[in-house]
Every structure is written in C-alpha cells, then in structure tokens.
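Report on the following structure.
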Amino acid sequence: EKPFTMSVSPNPAANILNVQFNGAASPAILGVFSMTGRQMYQSRVNGQANQTQIDISRWPKGIYIISLGNIQQKVVVQ
C-alpha cells in the first residue's frame, strides 16, 4: 500500500480551496472542520479522483482542519 499524501492550496485561502491527494484509501472521507469542531464540508473520495475543489467563499475567516484518512492539515481562510 503506497503512502498517503495530501496537499492543500492556496494557504491562506479566500474563495476556493484545492485539495490534492495521492494514495487515498478507497473510499475515504474528506472532511473540513472549524476549530470548534463544526463540520463545514464532507465528501467521499475514491482512489481515481485525486483533486477536490471546495467553495469556501461563504465561510467565516479562521483556521480549519482538513481531514482525510489519518492525515490532518490546517488551512487559514481569510
């Protein structure tokens, strides 16, 4: 099983968040959470698609946690 990687751009982000991933266990759940634990986004991703765009234009400014499988990354929305 190949290692699992995820990159998020741009960071900080304003309107669109690009999440790229490789080696995702299929199917995996991509989730984005606020610092208070509120789920802002959820999507099931499969091993075929390796990029997701998330519209964050209406989200409050702040720090969010992007979770995919056992990987977590922080992104700043401004």
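The values are calculated or read from the model by the stated rules, or taken from the named source; none is laboratory data. Owing to the predicted nature of the structure, the values given are computational and were not obtained by experimental measurement. We work out accessible area using only protein heavy atoms, side chains counted, and drop any ligands, DNA or RNA first. Shrake-Rupley method; radii C 1.70, N 1.55, O 1.52, S 1.80 Å.
Here are some notes:
- Taken over the stretch 19-39, the criterion of being modelled with pLDDT of 95 or more, more than 12 Å from VAL8 (Cα to Cα) and open to solvent by less than 40 Å² (accessible area, probe 1.4 Å) is satisfied by GLY31, SER34.
- Among residues of the stretch 43-63 being farther than 14 Å from SER7 by Cα and within 12 Å of the chain's Cα centre (by Cα), the one that is modelled with the lowest pLDDT is VAL45.
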